[in-house]
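**Q** Submitted below is the structure of interest, expressed as structure tokens.
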Amino acid sequence: MSGFKLGRLAPVRDAQGATVDVEPSFSAKEKPQVTTKTATTFKLGRLARSHDRRVPMLHNLIAGAALEPVVPAVDYTAGMPADLGMMKNDTLGDCTCAAYYHAIQVWSFNSLKNIDTEPDTDVLDLYEQACGYKPAQGGEGPGGNEQHVLTYILKEGAPYGLNGQQRHNIIAFVEVDVKNIDNVKRCIHDCGVAYIGFNVPQYIMPPEEEPLAVWDVNPQADNTLVGGHAVVLAGYDANGARVISWGKYYTMTWAFFAKFVDEAYAIADPEWISQKKTTPGGLTVLQLQQAMQALRAS
């Protein structure tokens, strides 16, 4: 859960690659231009992953099913604001919670055409409730475990709306084998995002510098692992995936994904399913609910 003094504003491009007043294309071949720098601290916060056997694996749920070919590319961030907000991940190790609220932004923008950015107080409440953060103790907090956070949201919902008085609920979440890139792509296409966790090498977040725009393998760089991080992937192409982290957009190449990512989840959001008519692996809502019975019963 390290802190880095950074500042980054990315250029904005349309679908044809022309620079406009929207977010940049995520192709790994592009080189975003840096404009004004500001002093910002970027935190991490993902704890080592769990292996809860009650969390179903997508490949087991869809075994034997005739799957549609993987769509070559998708970008659910197209047209979204260039700055999605830090979600407190500049001062707290709450990336597991911040990533979920970034997912809400993607779901709402694409299903309702109206982005839903929840207040930081809701993110803070989820960090307290799902991860045990105690504001009175100060510091970054304990960090979070992805399966624990998603299980809490499944059972209790995430704080939502003014003062967190409502709850944002999900139907299900299922783990996706990180070695099966086709299923990771299906997860993004079908669910809007893939919620992932990875180990962060030092070189993508050099001290006192801004994070790299493209996260690729680099054997010659400092590969010291400086912590774990949770993000959502909201698009992909042949080069890699479109990352939302710290309210900004980055590219994670598939080679980097294969080396550093060790968990990924498909999340079934009710509004997304209602509007987009797609679910993890094409499973029915009933099948997803049945797959969650063991988790809900505990």
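Here, each number is a calculation from the coordinates, and none is a lab measurement. Just so we're clear, the structure is a prediction, and the values are computed from it rather than from any experiment. Neighbour counts run over all protein chains shown; Cβ positions are idealised from the backbone, glycine included.
**Q** I need the P(r) histogram for the range 149-230: all alpha carbon pairs, bin width 10 Å from 0 out to the longest distance, whole percents.
**A** So the P(r) values, bin by bin, are 14, 31, 30, 22, 3.
**Q** Also, quick follow-up: With the cut-off at 26 Å, report for the range 75-206 the share of all Cα pairs above it, as a whole percent.
**A** Numbers: 1957 of 8646 pairs.
Tail of P(r) above 26 Å: 23 percent of Cα pairs.
**Q** Quick one: 3J(HN,Hα) in Hz for the range 185-201, Karplus 6.51/-1.76/1.60 with θ = phi - 60°, rounded, Gly and Pro as x.
**A** With the stated coefficients, the range 185-201 comes to 5, 4, 4, 4, 4, 7, 10, x, 8, 10, 9, 10, x, 8, 8, 9, x Hz.
**Q** Which chymotrypsin sites (Phe, Trp or Tyr not before Pro) in the range 189-260 pass both tests, a DSSP loop state and at most 13 other beta-carbon atoms within 10 Å? Spell out each step's value before the answer.
**A** Numbers: sites: TYR195, PHE198, TYR203, TRP215, TYR236, TRP246, TYR249, TYR250, TRP254, PHE256, PHE257, PHE260; in loops: TRP246.
Answer in residue order: no site qualifies.
**Q** Counting each DSSP H run of 4 or more residues in the chain as -39500 (n - 2.57), what helix-only mean residue ellipticity at 222 nm follows after dividing by all residues, to the nearest 500 deg cm²/dmol?
**A** Details: 9 runs with 82 residues, N = 298.
Computed mean residue ellipticity for the chain: -8000 deg cm²/dmol.
**Q** Give the residues of the range 79-99 whose amide nitrogen is closer than 20 Å to a point set 7 Å from the Cα of LEU225 in the direction of its Cβ.
**A** Within reach of a label on LEU225: 93-97.
**Q** Right, something else. Give, to the nearest whole percent, the P(r) tail of the range 193-245 beyond 12 angstrom, counting all Cα pairs. Please list the in-between numbers first.
**A** Details: 938 of 1378 pairs.
Tail of the P(r) past 12 Å holds 68 percent of the pairs.
**Q** Where nothing but the Cβ of Lys and Arg (+1) and of Asp and Glu (-1) is charged, how large is the charge dipole of the chain around its Cα centre, in debye to the nearest 20?
**A** Working: 25 positive and 33 negative charges, 78 e Å.
In debye, rounded to 20, the chain gives about 380.
**Q** Which is the longest part of the chain that has none of the GluC sites (Glu not before Pro) sitting in a DSSP loop with at most 13 other Cβ atoms within 10 Å?
**A** Values: sites that count: GLU208, GLU209.
It runs 1-207.
**Q** Let me check I've understood the local charge: for ARG296, count other residues with C-beta under 10 angstrom from its C-beta, Lys and Arg +1, Asp and Glu -1. What total comes out? Write down the numbers at each step before the final one.
**A** Values: positive: ARG54, LYS155; negative: none.
Combined, the nearby Lys, Arg, Asp and Glu give +2.
**Q** In addition: For every other residue with a beta carbon closer than 9 angstrom to the beta carbon of ASP94, add +1 if it is Lys or Arg and -1 if Asp or Glu, then tell me the sum. Provide the component values of the computation, followed by the final result.
**A** Numbers: positive: LYS43, LYS88; negative: GLU140.
Charge balance in the 9 Å sphere: +1.
**Q** Next up: What span do the alpha-carbon atoms of the range 70-114 cover on each of the three principal axes, reported in whole Å from largest to smallest?
**A** Here the Cα extents, ordered largest to smallest, are 36, 25, 16 Å.
**Q** Need one number: nm distance between label points at ARG167 and SER298, each 7 Å from Cα along Cα→Cβ, rounded to one decimal.
**A** Placing both labels 7 Å beyond Cα along the Cβ direction yields 1.8 nm.
**Q** With a 10 Å Cβ neighbour count serving as the proxy for reagent exposure, in which order, fewest first, do HIS189, HIS168 appear?
**A** Details: HIS189 19, HIS168 23.
In increasing order of surrounding Cβ atoms, one gets HIS189, HIS168.
**Q** Can you list the aspartates and glutamates whose alpha carbon is less than 12 Å from that of LYS179, not counting same-chain residues fewer than 8 positions off?
**A** Of all the aspartates and glutamates, those that pass the test against LYS179 - Cα under 12 Å, at least 8 places apart if same chain - are ASP262, GLU263.
**Q** Whole-Hz Karplus ³J(HN,Hα) for the range 263-274, in order, using 6.51 cos²θ - 1.76 cosθ + 1.60 and θ = phi - 60°, x for Gly and Pro?
**A** Calculated HN-Hα couplings, in order: 7, 8, 9, 9, 10, 9, 8, x, 5, 4, 5, 4 Hz.
**Q** Could you give the Stokes-Einstein D for the range 5-297 in µm² per second, using the C-alpha Kirkwood radius, 10 °C, 1.306 mPa s? Display every interim value, and only then the final one.
**A** Details: Rh = 19.1 Å.
The estimated diffusion coefficient comes to 83 µm²/s.
**Q** Go through the range 287-297 residue by residue and turn each phi into a ³J(HN,Hα) via Karplus (6.51, -1.76, 1.60, θ = phi - 60°); whole Hz please, and just put x for glycine and proline.
**A** 3J(HN,Hα) across the range 287-297, in whole Hz: 4, 5, 5, 5, 5, 9, 4, 5, 5, 5, 6.
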